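The values are calculated or read from the model by the stated rules, or taken from the named source; none is laboratory data. These numbers were taken from a predicted model, which means no experiment stands behind them. Because the Cβ atoms are built from the backbone with ideal geometry, glycine has one as well, and the counts that use them run over all protein chains shown. SASA here: full protein model, heavy atoms, side chains in, ligands and nucleic acids out. Shrake-Rupley method; radii C 1.70, N 1.55, O 1.52, S 1.80 Å.
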Amino acid sequence: MADRTSLDAIAFLKADHRKVEELFAEFKAAKGAAKKQKLVEEICAELTGHTVIEEEIFYPACRGKVEDGLLNEGYVEHDGSKVLVAELLASAPNEEFYDAKVKVLSEQIEHHVHEEEKRSDGIFSRARAAGLDIDELGDLMKGRKKALLAEYKTNGIPAPETRTFTGHTLEQGEPVEKTEAPV
Ligand SMILES: [Fe+2]
């Protein structure tokens, strides 16, 4: 019997969104490389775990009940954010574009969260209206997320796996030129 003191799927995913928003706000105020790196690791772990549970559990449960277009955009938005997560996991806070990458990632996530939480036509409200078993899904996702975060703590955060991006042969172009400080 499911423990009904726990959060349903939508409340659980929303709580996850609030947690990551808080971490981004903390990053904005953070000073010092060590503090920034620690926060980014937390953000990347949270986002990686969050995308895994949505892609493994929540989105498949929504398939056929929520418009394909909405779900497809969700997957593509996830894949977009994974590129910046991978960049940040391979970068250090003293690098020139580090703060910009965190900022742009936070903006991408803000957009994605809005798309999921939109009052009448977001994925969450559509899922609720379609009668998804959000209690059972909440329990499943909670357990899976806990296990994932424990795994990341022990073995490190794995390279994010894209689910929809398939054509990405990227090449490193010329680095952006630094503007010399006027003498
Ligand atoms: Fe999502």
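Scan the range 84-107 for residues that are within 16 Å of the ligand (Cβ to nearest atom) and either farther than 20 Å from Ile157 by Cα or without any contact (Cβ under 8 Å) to a residue 12 or more places away in the chain (or both) and jot them down.
Once the filter is applied, which keeps residues that are within 16 Å of the ligand (Cβ to nearest atom) and either farther than 20 Å from Ile157 by Cα or without any contact (Cβ under 8 Å) to a residue 12 or more places away in the chain (or both), the range 84-107 yields only Glu107.
Which of the residues belonging to the range 129-166 are under 19 Å from Gly74 (Cα atoms), within 16 Å of the ligand (Cβ to nearest atom) and open to solvent by 60 Å² or more (accessible area, probe 1.4 Å)?
Glu161, Arg163, Phe165
Which one of the conditions (1) without any contact (Cβ under 8 Å) to a residue 60 or more places away in the chain; (2) open to solvent by 30 Å² or more (accessible area, probe 1.4 Å); (3) more than 15 Å from the ligand (Cβ to nearest atom) does Ala15 fail to meet, given that it meets all the rest?
(3)
Take the range 33-56 and flag every residue that is touching a residue at least 40 places away in the same chain (Cβ under 8 Å), of a type outside the set (A, V, I, L, M) and away from the ligand (no atom under 16 Å from the Cβ).
Listed by number, the residues that qualify are Lys36, Gln37, Glu41.
In the range 125-145, is there at least one residue being under 19 Å from Ala45 (Cβ atoms), touching a residue at least 12 places away in the same chain (Cβ under 8 Å) and not in a helix (DSSP H, G or I)?
no
Mind checking whether some residue in the range 67-74 is among the hydrophobic types (A, V, I, L, M, F, W, C) and open to solvent by 50 Å² or more (accessible area, probe 1.4 Å)?
No, the range 67-74 has no match at all.
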